[in-house]
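J.: Starting off with a structure, shown below.
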Amino acid sequence: MVSNLENYWFARYQGWDATRWVDQVLKAEVSDRVRMEVSWTGGWAAFTRAEYEAAESHFEVCRSLAEQAGDRRYVAWAFYGLGRVEQFRRPEAARRLLDEATEIFSELGDVRGRAECQLAVGYVAALAGDTTQAPQLLSSALEALHQDGLIRSISIGRQALSMVGWYSDDPEAALRHAEAAVELARRSDDRPATCGALTQRAVVRYRWGDQRLAAKDLLEAMSLVPLRNDIDSCWVLTAATGLVVDAGQPELACTVIDHVERVTRAVGWGPVADWLPALDELRQAACEQLEGRFDPSPTTTVAVARDVRSALEALVQ
């Protein structure tokens, strides 16, 4: 039951409930097969909550048991999970792990597994502004994902292609892919995917001159993600920074950026500029207005979100 409910939990930001059930199963006397499968679910539940040490521990157990059982498919999924854990902490290690998973999936003829690995690598490349490698990886992944009808993953791929359009100064492609990402995420009834797609569409709309619609997208995205989920909340808050600057609140914009950096550093991610270079442009715009008069102090996601929501609501009105 735990293994088969993982998509239900994750589509609703209920990784905490998945963890509760996983812990109950792993405390019981179960077969190595069950322990292997449930350890994968536990790893993914922890990963979605940015609890990376717990995720790594679960994935390593899954990998060890899969190797003992000679189950190459689960070995590959364990490598995939470990690669995802490292993507923003140690990118080079992440790429090696995902490449290893890709090789095994390819040997097994597992089209979906190989596509998910390509999607993971392509998404991070797109986020960092790589307009050469990202489109190739994403196009290959999407072709395979379409064959399997994996709507949520296709939505994430289209979201990443929208990022490529954003960095390529191609508003038509950026908006087209973002619109498709939102529609697909809504069809999949997946809150994290919908939140991400709305956030990306807001970024595109804002850049090409539609502040009001961008603010509406971000308000909807904020309503989908629980504030206890700091990482996903920070994605939305980061996307709102430009709008906050334009609303005449550069100090709040700097507070958002400072908070995002604190949260991501706390979970072991590298410098924000490495995985989201566009944030530096937002920081510069805000700092120019403040003329060096900003002295950041620690705050909470709840407090930052409250102030950002107020600024966005004013723009919508």
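J.: Restricting to DSSP loop positions (anything but H, G, I, E, B) with no more than 14 other Cβ atoms inside 10 Å of their own Cβ, which GluC sites (Glu not before Pro) remain in the range 268-301?
T.: Answer by residue number: Glu291.
J.: Let me ask something else. So, for the range 1-77, what is the accessible surface per residue at a probe of 1.4 Å, expressed in square angstrom?
T.: Each residue of the range 1-77 exposes 51 Å² on average to a 1.4 Å probe.
J.: Let me ask something else. For His146, His259, what's the largest-to-smallest order of accessible area, 1.4 Å probe?
T.: His146, His259
J.: Considering only DSSP states other than H, G, I, E and B, which GluC sites (Glu not before Pro) in the range 5-113 qualify as loop sites with at most 16 other Cβ atoms within 10 Å?
T.: Glu29
J.: Moving on. What does the convex hull of the Cα atoms of the chain come to per residue, in Å³, rounded to a whole number?
T.: Per residue, the Cα convex hull of the chain comes to 123 Å³.
J.: Here is a further query. Whenever you get a sec, compute what percent of the accessible area on the chain sits on carbon and sulfur atoms (1.4 Å probe).
T.: Solvent-exposed carbon and sulfur of the chain make up 48 percent of the total.
J.: Could you give me D for the range 111-251, from Stokes-Einstein at 4 °C and 1.567 mPa s, where the hydrodynamic radius is the Kirkwood radius over C-alpha pairs? Units µm² s⁻¹, please.
T.: Rounded to a whole number, D works out at 86 µm²/s.
J.: Hey, another quick one. Run lengths n ≥ 4 of DSSP H only: what is the helix-derived mean residue ellipticity at 222 nm for the chain, with -39500 (n - 2.57) per run over all residues, to the nearest 500?
T.: That comes out to -25500 deg cm²/dmol.
J.: To check my understanding: the extent here is largest minus smallest coordinate of the Cα atoms along each principal axis. What are those three numbers for the range 28-99, in Å, largest first?
T.: Projected onto the principal axes, the Cα atoms of the range 28-99 cover 35, 24, 12 Å.
J.: Please label the shape of the range 131-179 as rounded, prolate or oblate, based on the square roots a ≥ b ≥ c of the eigenvalues of the alpha-carbon gyration tensor (a/c under 1.5 means rounded; beyond that, a/b larger than b/c means prolate, else oblate).
T.: Oblate, because a/c is 1.5 or more while a/b does not exceed b/c.
The values are calculated or read from the model by the stated rules, or taken from the named source; none is laboratory data. Bear in mind the structure is a predicted one, so any value in this text is a computation, not a measurement. Counting neighbours? That spans all protein chains shown, and the Cβs are built from the backbone with ideal geometry, glycine included. For the accessible areas, the whole protein counts, side chains as well, though only heavy atoms, and no ligand, DNA or RNA atoms are used. Shrake-Rupley method; radii C 1.70, N 1.55, O 1.52, S 1.80 Å.
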